[in-house]
Each structure stands twice: as C-alpha cells, then as structure tokens.
Amino acid sequence: MGDKIKIGILGCTGAVGQKLISLLGNHPLFEVTELAASDNSAGLKYSERVNWKEASDIPESIKDLKIKKCSDELGAKILFSGLDSGVAGEIEDFYASNGYAVVSNSKNHRMRTDVPLIIPEVNESHFELIKYQDSYNKSGGFIVTNPNCSTVVMALTLFPVYKNFGLKKVIVTTMQAVSGAGYPGIPSMDILGNVVPHIKDEEEKMQTEPLKIFGELSSGKIDFADFRISASCNRVPVREGHTMSISFETNKKASRDEIIGSFNDLEKLNLPSSPEIVIKYFDNPFRPQPLLDLNSGAGMTVSAGNLRKCGVLDWKINSFGHNTIRGAAGAAILNAEYLVKNKFVK
Ligand SMILES: NC(=O)c1ccc[n+]([C@@H]2O[C@H](COP(=O)([O-])OP(=O)(O)OC[C@H]3O[C@@H](n4cnc5c(N)ncnc54)[C@H](OP(=O)(O)O)[C@@H]3O)[C@@H](O)[C@H]2O)c1
C-alpha cells in the first residue's frame, strides 16, 4: 500500500466520483487518500454523506475519510475530477496551478489549445501538450481531459476507419443511458416509457471533440481533422451504456472486410486498465446491446456490430460503450496510468 501513488477525488459524491472510488478500490498503482466536494459535503465522513449507487460496497479505506472543500490543500499527487461543469473550470485551474496533476471528466478545459483531450489508444502523442501549460513549467501541475461519454464510443469506432481510409462525413444518432446525467438525473416520470430527443450541449461535443482527438500535433499545436459530423442525441430508458447508429463516408473506397479488419489496428496498451480487445466486432445484426455488452472488457471495450451499406453515405454500423467506465471514470484512470508510466507526473 505504502508505495502507491496518492489520489484525490474532486466531486467524490457524484456518479463519476463514485465510479472512480469503486474502480480504484483495489488498483495496483493508486490509493485514494483524499476526497473533496462542495461546501455542503465538506467536513462530513464519506459514508455519512454519499448516496452510494455502486453495486459493490464502499471500500473500507474510504468509508471514514472526511470530505474536504475544493479549495483545501490535498495530500495527493493526482486528482481525478468528477466535478459539476458549473464549477469544474476554476477548481481544476486552481489545483493545476498549485502543482497537482488534474485528470478531468468535465467539459470545461477539453477544447483549450494547451490541454490534451485524450483516448490513449488513439492520440497518445497529444499528451505532449501538457508541456505547453504554464502551470507545468511553474509548478509541475497540469490538466488532462477525457472526452464526452458518447464521443469516446464513436471516436474509438471510427478512428481505425479514419486512419486507414480517411473520413468525409459522419452522421450519428445516439441512444444514451440515464446515468449519463448523474444522480438523480432525469426524473423517472420523464423517461420511463419515453425517449427525450435532446441532451444539452451533447451534439456540439460529438461534432467537435473527435476533430481535436484525430488531429495532428505539431510544434505544440493541434491541427484539427477535417471532416463533417452531424449528431442527434437522445436520452432513452436504459440505466447504463450508450448505444449509437453511425453512418460514414470515407475518402478512399474500402471493402467491408477491410473496414472490419481495421478494428484490429487499435492495439491494447500495456496499462492496468487496458482491455484485451479495444473494439469487439460482432457480425450479428442484434449486437451490440446494453444488456449483453455493458461489461465487456470490464466496461473498457467498445462493442460494434453489423457493418452494412448505407443508402446515403458509404457505410453504417452500430456501436456501444459503458458511459461511466469507458466514457468517464475508466477513461480517466487509463489516462492517469499512462501519465505515470510515461513520467509526466513530477
Ligand atoms: N455521468 C456520466 O456518465 C459522465 C460521463 C462523462 C463526463 N461526465 C462529466 O463528469 C462530471 C461529473 O458528472 P456526474 O454525472 O458525476 O455529476 P453529479 O453526479 O451531479 O456530481 C457532481 C459532483 O460535483 C460536486 N459539486 C457540485 N457543486 C460543487 C461546488 N460548488 N464545489 C465543489 N464540488 C461541487 C458534487 O458535490 P456535492 O455532492 O457536495 O454537491 C458532486 O460530487 C460532469 O462535468 C459531467 O459532465 C459525466
């Protein structure tokens, strides 16, 4: 235990914070030593304050930890942020400028020119951007972000296609789980037996974030990828896991076998949270499904299925991923593992 890197969780009471605590319960590199949330939670023991929604129990080492304010000094080197986006921007800046490595799930800094927006299997080279952050040069602190939970699923599915054949146009329609809105999220009366055809800011995130993630880094600047994305985002009565239908047109014509074969290009990274298979492809029109595929690769594998001709663009495919693991907490942990292995954490 003593050799592990000390971790703090900002937003420890929320849906992402709880998932982080549950995934870090028995982590080989990391040990959660600090918890922080709003002033309403500060001063209370974690087990007294949290409305715990994970299937596993609160780890014993966490139950009695006192929650601190998000302005307190924290005895940890890496801070995972699952903060509400209304407050994440300033708080994350504060900790980065005070020497902490902030690994964030929030949208606030994702599109900043000096902040990496990372899916390590896709754009690990972008971690270098950290070195252009003022805080890194002054105090060793920095901010790294992971993408929006739907963006991760779509970007992982499309990256092999982009790399091998180029992309011109993408049209995506999502069916997103209620857990994506945190707890308690959308009222049950609004979602049971219903579909809500709008999720605030989601379409914009899906249309812009992949272009930064697929971009090329040169001299400390990312040249964004150049293709068009149209996203329509829906909230559906599923508890966990985002499903999507993606149509795409490629620059270079490709056969069905070539596209399916390209999914194997996404190599497993040698990190504790890397899944064995990054994209699991099913040649089956009934897959993927949330009930069957949610926990594939401990929630870190993206499942895709039924690549077929599209009557408008070239191809269409179904894709699915765990929104609070691959789309949030697990993504942040994978980023932090990479940062440690590659010595970005001073
Ligand atoms: N849920 C997902 O699937 C998902 C996926 C990707 C990204 N995200 C992003 O991750 C972040 C967290 O999402 P969530 O679903 O976990 O939200 P959530 O359940 O609403 O949790 C928000 C957290 O922020 C804390 N907080 C609120 N106001 C604060 C303040 N003034 N000062 C300090 N802490 C404050 C809350 O603490 P208190 O309990 O003390 O109020 C709580 O711990 C958001 O930015 C979200 O967009 C979520």
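The values are calculated or read from the model by the stated rules, or taken from the named source; none is laboratory data. Please read these numbers as outputs of a predicted model, since none were measured by experiment. Ideal geometry is used to build each Cβ from the backbone, glycine not excepted, and the neighbour counts take in all protein chains shown. Keep in mind that these areas ignore ligands, DNA and RNA; they rest on the heavy atoms of the full protein, side chains included. Shrake-Rupley method; radii C 1.70, N 1.55, O 1.52, S 1.80 Å.
Numbers below:
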read-out	value
Equivalent ellipsoid, the stretch 99-161 (semi-axes from 5 times Cα gyration tensor eigenvalues, Å)	23, 12, 8
Sequence-distant lysines (8 or more away, or on other chains) whose Cα lies within less than 25 Å of K280	K19, K163, K168, K169, K205, K212, K252, K253, K268, K309, K316
Cα Rg, Dmax (largest Cα-Cα span) when computed across the stretch 167-256, Å	16.2, 51
Modelled FRET efficiency - R0 51 Å, K6 with Q289, Cβ distances, 0.05 increments	0.85
Spin-label zone in the stretch 322-344 - amide nitrogen under 12 Å from a point set 7 Å from the Cα of E54 along the C-beta vector	325, 329-330
Efficiency of FRET between L44 and L271 - r from beta-carbon atoms, R0 41 angstrom, step 0.05	0.75
Percentage of interatomic Cα-Cα distances in the stretch 149-322 larger than 23 Å	41
Derived scalar couplings ³J(HN,Hα) [the stretch 137-154; Karplus, 6.51 cos²θ - 1.76 cosθ + 1.60; whole Hz; x for Gly, Pro]	6, 8, 10, x, x, 6, 10, 10, 10, 10, x, 3, 5, 7, 4, 4, 5, 5
Accessible area of the chain belonging to carbon and sulfur atoms, whole % at 1.4 Å probe	49
In range of the label at S125: residues from the stretch 199-219 whose backbone nitrogen is under 11 Å from the point 7 Å along Cα→Cβ	215-219
Chymotrypsin sites (Phe, Trp or Tyr not before Pro) within the stretch 266-304: DSSP coil, no more than 11 neighbouring Cβ in 10 Å	F286
Per residue solvent-accessible surface (Å²) - the stretch 149-322, probe of 1.4 Å	47
Dipole in debye (nearest 20) - the chain, about Cα centre, beta carbon charges: Lys, Arg +1; Asp, Glu -1	400
Cα centre as origin, Lys/Arg/Asp/Glu Cβ charges: the stretch 149-322 dipole, Debye	320
Considering only the chain, percent of DSSP beta bridges that pair antiparallel, nearest 5	40
Estimated D of the chain in µm² per second, where Rh is the Kirkwood radius over Cα pairs and Stokes-Einstein applies at 37 °C, 0.692 mPa s	161
Order by protection proxy (mean Cβ within 10 Å, highest first), peptides 171-181, 305-315	171-181, 305-315
Karplus (6.51, -1.76, 1.60) ³J(HN,Hα), θ = phi - 60°, over the stretch 187-198, in Hz, Gly and Pro reported as x	x, 4, 5, 8, 10, 5, x, 9, 10, 10, x, 8
Volume per residue that the Cα convex hull of the stretch 243-325 spans, once the total is divided by residue count, Å³	101
The stretch 1-117, Cα convex hull volume normalised per residue, Å³	109
